[in-house]
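Worksheet: the structure to be examined is printed underneath.
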Amino acid sequence: MGAGHHHRLYRPGHTVVHRLPPQCKLLAVAAFAVVVVATPREWVWVLAAYGLPLGVVAATAHVPPGFVLRRMVIEAPFVAFAVVIPFIGLGERIDVFGVALSVEGLWASWNILAKATLGVVAAVLLAATTEPHMMLLGARRLRVPSLLVQIAMFMLRYMDVIAGEARRMRIARESRGFQARDLRHAPVIARSAGALFIRSYERGERVHLAMLSRGYTGSMPVTQDLSASWRQWAVAASLPGTALAVAAVGGTVGAALGGAW
């Protein structure tokens, strides 16, 4: 389970960010997200300024903007929802290019878009600089329940195995002339899904028996040294620390000026 498992979200590298222990990066991203979520939506420039430390992290890790943008497609449902809010929102309305939009809806839309975007970018950078299995080992170091970590590890390890099995079954169907064109072919797909479930269950039983025969006692051994120095913790803390400093300055200036700015 300690073997490398490269994922398409991961971008191999040897930068300072890549070398940070996974638990440091996990805590840094979580703390950054807390600061972002706690920031009032009226602090427009503060939310915009949060993008600067993320840009520094991306530049330091040699993660190009295109890499991040392509993987931000996951945010599309939030964007679609945010676009609709100003049209269906209640309360005071304002005319924008001849269309009456809800003021409260506009603020809600900005709040969702800004914070969701910052969170997604931070998560993409985390995934781009940390191998999936290392993130799980980092979560284990952070005292996440061992059972949850092991379930995630096995899911990660055998996801490609099950996908490969499904691909072989699809090729076998197509080699016999089967093409799923409409709902009439749904029963065949359903039977294939059932067969895949049974095969997966049986494979899981065999793997579990093999693990028990090799001395598995309920926890997986960790071969990597994931200890973190105080310097590494300090480097990781620079992301949420910078965001917190920006929020503190924003709160001070906002209190002096009042309102949105």
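Net charge dipole, the stretch 147-213: roughly 280 debye, given to the nearest 20, about the Cα centre with Cβ charges of +1 for Lys and Arg and -1 for Asp and Glu. What is the angle, in °, between the Cα long axis of helix 51-60 and the longest principal axis of the Cα atoms in the chain? Nearest 10 is fine, range 0 to 90. Rounded to the nearest ten degrees, it is 50.
Over all pairs of different C-alpha atoms, the stretch 110-261 has a mean inverse distance whose reciprocal, the Kirkwood radius, equals 20.9 Å.
Seen through its C-alpha gyration tensor, with square-root eigenvalues sorted a ≥ b ≥ c, the stretch 147-213 comes out prolate because a/c lies at 1.5 or above while a/b is bigger than b/c.
Based on alpha-carbon atoms only, what is the radius of gyration of the stretch 80-196 relative to the globular estimate 2.2 N^0.38 Å?
Compared with the compact-globule rule of thumb, the stretch 80-196 sits at 1.75.
The C-alpha atoms of the chain define a longest principal axis, and helix 230-257 lies at about 30 degrees to it. Annotation: average projected area of the stretch 27-70 is 3.6 square nanometres, based on the convex hull of Cα atoms across all directions. Let me make sure I get this right: for the chain, a, b and c are the square roots of the gyration tensor eigenvalues over alpha carbons, sorted descending. Under 1.5 in a/c it's rounded, otherwise prolate if a/b > b/c, else oblate. Which is it? Oblate shape, in that a/c is at least 1.5 and b/c is the bigger or equal ratio.
Every read-out reported here was derived from the displayed coordinates using simple, explicitly stated rules and does not represent laboratory data. Quantities reported herein were computed from a predicted structural model and do not represent experimental measurements. Glycine gets a Cβ as well: all are built from the backbone with ideal geometry, and neighbour counts include every protein chain shown.
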